[in-house]
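These notes are about the structure you will find just below.
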Amino acid sequence: MKNIDFSKLTRPNIHSLTPYEAKELPCKVRLAANESPYCLDITPDKKVLRKLNRYPDPDGKELKKTIAKNFKITPDNILLGNGSDEIIYYLITTFGGHVLYPVPTFSMYGIISQAIGEKHIGISLDNNFDLDLNKMLSAIKKYRPKLVFLSSPNNPTGNCFSADRILKIIETSKGIVVVDEAYQPFSSEKGFLPMLKDYKNLAILRTLSKIGFASLRVGFLIADKGLINEVNKVRLPFNLNALSQSMALEAFRDKKAIHTQIKTLVSERERLSKELSGMKEVRPYPSEANFILFRANNADLVYQKLIRQGVLVRNLSNSIKNSLRVTIGTPEENNFFIKALRKSVGGKE
Ligand code: PMP
């Protein structure tokens, strides 16, 4: 058989990419992926199970109606995605580059731009992890980006960007500004949904992944009807499967339970923040999300020591020196983590 080096066939922009890798280390306490530790007991509608031979509703009409009702918008303002990752893919496919975002932030804005072959620019955040407005505005003037991605609360720093800086960027930009509100349910700030009526170039990205349904892969974009129409041109038919559509509908019916879980996670976040602040070897940053970024001397070593004790967090030392990110778990998981961290930074294990 002929020997083929497939990397010689790939487009040049793909060469520097590496496949996405989720760590599958066998840890008892998994606090690395910003998932919810809680799983609601819901089942798909029986009718769906009897129609698995048929394609799902290509437009997700029922789900869109439910989302529209919950967010006081119309179904025309919604685009459904197989996770919000897919919607980021669609946005960049539809509008192209330049794509602009602050750094550090969610890595997929850059990775997807690179995969599609669009120019992408990361602008450093300021010392408080807020948007550096002057740098952002000059980059907008210079590169005229078709898309600006702002994750607020920002992953991995945990803070919300100043609302007035976001607004200035929306007002200045001739392109689309996507405020990625994946972590908004955990934030004390009101978010940008109320601004949609004032700014046509504002689009808001949401997901069910952080509030208990990561495995369903349901994300949605809320924006002007015209913008949604354009993105719909590239959306793959039937991108959201029938089970996910049905389970997501169930999830919205259980809003109250989800809300209670979010409240618990927010209060656990505050408790964990205090615990971390009380440890002289680490420095946590304020968070409005379901995770906390913290600095620790020898973060690589601390990360390994945590794994040895059965706790998986996210090592971010590649992008922020000596930094780890811990997702908020159940109270028991958080206690386990704190105990393991004390041992890891204290030289014992
Ligand atoms: N946006 C941000 C800021 C995220 O952190 C994540 C998940 N890590 C996503 C989007 C993607 O979420 P999903 O594809 O699961 O909806």
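The values are calculated or read from the model by the stated rules, or taken from the named source; none is laboratory data. As the structure is a prediction and not an experimental result, all values here were calculated from the model. Here Cβ is always computed from backbone atoms with ideal geometry, including for glycine, and neighbour counts include all displayed protein chains. For the accessible areas, the whole protein counts, side chains as well, though only heavy atoms, and no ligand, DNA or RNA atoms are used. Shrake-Rupley method; radii C 1.70, N 1.55, O 1.52, S 1.80 Å.
Tabulated data
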quantity: Residue in the range 249-265 that is open to solvent by less than 40 Å² (accessible area, probe 1.4 Å) and of a type in the set (Phe, Trp, Tyr) present; calculated: yes
quantity: One residue from PHE238, PHE220 being open to solvent by 20 Å² or more (accessible area, probe 1.4 Å), aromatic (Phe, Trp, Tyr) and modelled with pLDDT of 95 or more; calculated: PHE238
quantity: Residue among GLY83, GLY110, GLY122 that is small (Gly, Ala, Ser), at positive phi and within 16 Å of the ligand (Cβ to nearest atom); calculated: GLY83
quantity: Selection count, the range 165-184, where residues are within 16 Å of the ligand (Cβ to nearest atom) and of a type in the set (D, E, K, R); calculated: 2
quantity: Strands (runs of 3 or more DSSP E) lying entirely in the range 24-143 (those with 1 or more residues that are aromatic (Phe, Trp, Tyr) and within 20 Å of the chain's Cα centre (by Cα)); calculated: 99-103
quantity: Positions within the range 105-135 being in contact (Cβ under 8 Å) with a residue 60 or more places away in the chain and open to solvent by 60 Å² or more (accessible area, probe 1.4 Å), in sequence order; calculated: ILE111
quantity: Test result for LEU205, over 18 Å from the mean Cα position of the chain (by Cα) and either within 16 Å of the ligand (Cβ to nearest atom) or without any contact (Cβ under 8 Å) to a residue 40 or more places away in the chain (or both); calculated: no
quantity: Long-range neighbours under 8 Å by Cβ, at least six apart or interchain, first residue more than 14 Å from SER267 (Cα to Cα) within the range 320-349, second crowded, with 23+ Cβ neighbours inside 10 Å and polar (S, T, N, Q); calculated: ILE320/THR157
quantity: Selection within the range 311-349 - of a type in the set (Ser, Thr, Tyr) and not in a helix (DSSP H, G or I); calculated: SER317, SER319, SER323, THR327, THR330
quantity: Cβ pairs under 8 Å, 6+ apart, first in the range 256-267 and farther than 14 Å from PRO37 by Cα, second aliphatic (A, V, I, L, M) and outside any helix (DSSP H, G or I); calculated: none
quantity: Conditions (1) more than 22 Å from VAL179 (Cβ to Cβ); (2) more than 16 Å from the ligand (Cβ to nearest atom): number failed by CYS39; calculated: (2)
quantity: Subset of the range 137-159 (residues that are among the hydrophobic types (A, V, I, L, M, F, W, C) and within 16 Å of the ligand (Cβ to nearest atom)); calculated: LEU147, VAL148, PHE149, LEU150
quantity: Among (1) small (Gly, Ala, Ser); (2) more than 30 Å from PHE294 (Cβ to Cβ); (3) more than 16 Å from the ligand (Cβ to nearest atom), the one test that SER162 misses; calculated: (2)
quantity: Residues located in the range 1-50, provided they are touching a residue at least 24 places away in the same chain (Cβ under 8 Å) and among the basic types (Lys, Arg); calculated: ARG11, LYS23, LYS28, ARG30
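Every residue, every condition in (1) open to solvent by 40 Å² or more (accessible area, probe 1.4 Å); (2) under 13 Å from the mean Cα position of the chain (by Cα); (3) in contact (Cβ under 8 Å) with a residue 60 or more places away in the chain, yes or no:
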{"position": "SER173", "(1), (2), (3)": "no, no, no"}
{"position": "GLU181", "(1), (2), (3)": "no, yes, no"}
{"position": "PRO185", "(1), (2), (3)": "yes, yes, yes"}
{"position": "MET195", "(1), (2), (3)": "yes, no, no"}
